[in-house]
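Below: the structure, in structure tokens.
Any read-out appearing in this document is the output of simple, stated calculations on the displayed coordinates, not a laboratory observation. The model shown is predicted, which means the values in this text are computed figures rather than measured ones. All Cβ positions, glycine included, derive from the backbone under ideal geometry; neighbour counts span all protein chains shown.
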Amino acid sequence: FTDPIVSSPAMVFADEDYPVIDDLSELAGSRVGVVGGGAVEEWVSNDFPLLELVPVSNSHEGIVWLGDRKIDVFIGDLLTTTQRIKREGLANIKIVGNTPYKIPRAFGVRKDMNAPLASILRSSLDSMSESERGTIINRWVSVQSDPMIDYSLLWKIGLLAATIVLLVLFMNYRLSKLVTKRTSDLSQANEALRASEASLNRAQEVAHIGSWHWDIAEDRVDWSDEVYRIFGIEKGATITHETFLDRIHPDDRGRVAERVASALRNGSEYEVEHRVIVDGKIRWIRTRAEIERNDLGEAVGALGISHDISDRKSSEEIQERLEEQLRQSQKMEAVGQLAGGVAHDFNNILQAIRGHTDLALQDVPIDSSIREDLEEISEASDRATGLVRQLLAFGRRDNLALGECNLNEAAENLMKMVRRLIGEHIDLVFNPGAEISTIQADRGQIEQIILNLSVNARDAMPEGGTLTIETETRHFDSGFKRENPMAREGTFVALHVKDTGSGIPREILDRIFEPFFTTKEVGKGTGLGLATVYAAVKNHDGFILLDSNRDSGTHFMICFPAAVATASSETSIRKITTI
């Protein structure tokens, strides 16, 4: 034999349907054919004793048995077995696995042949390159095999890939959990922020206080919702400093602008009260702000609040009016007490004068020269008695004869007298309300109120006009009381006396109910007419509302508390009557 020219590996051959194997141990349960008595049988039986080995005489028989399915696989050397497969034309047999075994192959020379032949073979083989040997061997190998897969490497790669995938999935899971938590935290924070903003806006709305910030460089003012409401501007509208100034009442605008400019020049903060006009109504606003400055001391902005103090201002005005009303009431009470006391004493003197005058008239002959003087004294006493009666009524020294009174009936019974008092140059309109409530009143004082107001209206219309007297039942709520501080809540019977005269000058409105106050010429009035009306209304626990305008005249609204019963007499329901 020559030196081995190639080591032929022992391969596993099987039908094309047999699966590829990675290790001989995977042949357990299969019938494994091997050349009996050969090296392969010895190696396999030693290394894999559990395999079922089926000996065959040679590789040709192994291939035949494999084709006849007497065995499942055949283990043979690559060179010899592939040549057998090629000769038999068994295209359905393929290599399904390799083994760790290699079989050396060499050329043999018969001993009886010329010895130089072996030497020639050895020389020829030694002169062949490895590539030439490979080409020759490839010509011998004709059976194709499926690609052999290194499953251990595949498992390692798969394990590494699975590890990477699991790691990525785990990281994604952790990241997803983190993102979810961060998103949840952010959502909760945003929700808390929205709730906080809503609470702040609600608090500002309740307190009527809004916050704002002015960026001087960009001339942009950011308002909270309440500031938009206070200034009557649609929420979200673009606001500048000029927008702010334009909303201020014209009478206050210059003062506010100067106060802001002064603070920007050399101040750190400012506070100013001013008015704004919203939907035709005036609101009082208190604005307070702090100036923001940069490192150079330049004003760059302002942060402030605007407080709607309309209710406070209204309360202050109401309080001032009530205090003035109290002072007026106290003054008139004092004057009334004084007038009542004087009237009472004066009435006693008048009664003595009148009594002695009447006695003297009885003793004096009709043609006596002093009788005319005594009659003048008697008439003057009568006029003085009427004046005393008014003083006593004003001073509450007169006893009240209270009883159920129907204001419609009381007014209607006076219409003829009122007609004579005001004259033919003035139209008189009487409009009794339907089913008005009765009142508890002294009928004499009610008549005095109507007559005094009618005379006052007559004097306000020297060139003629219209006097209207109306009655109605009214219910006043808290809203009406807020608008009219002199009023009270509850159900009242109202007496309206309206004229179309010249009106009452605003500067004397607060004095018209004072006793002895008059704008008439000397001798034309006592100044007790409206004072008596005021006293009589107070005697009946009522109140007076007054509206006077130079263009439309004067309107007195006298309100008396309604009694429980409702008037149902025939005179309660009437049409407007012109007298």
In what sequence do 356, 249, 540 fall when counting other Cβ within 10 Å, fewest first?
356, 249, 540
12 Å cut-off, amide nitrogen to a point 7 angstrom out along residue 282 Cα→Cβ, residues in the stretch 229-264
249-252
Under the Karplus relation with 6.51, -1.76 and 1.60 and θ = phi - 60°, whole-Hz ³J(HN,Hα) for the stretch 296-308, x at Gly and Pro, equal 8, x, 7, 5, 10, x, 8, 10, x, 10, 10, 10, 7
Can you sort 173, 270 by how many other beta carbons sit within 10 Å, fewest first?
173, 270
Once both labels are modelled 7 Å past Cα along the beta-carbon direction, what's the residue 364-residue 170 spacing in nm?
13.7 nm
Extended-chain gain in nm, criterion 0.36 nm per residue less alpha-carbon gap, residue 268 and residue 70:
60.2 nm
What net charge is computed for the residues neighbouring residue 36, neighbours being all others with C-beta under 13 Å from the C-beta of residue 36, Lys and Arg scored +1, Asp and Glu -1?
-3
What FRET efficiency would be calculated for the residue pair residue 371, residue 400, taking the C-beta separation as r and a Förster radius of 45 Å, to the nearest 0.05?
0.70
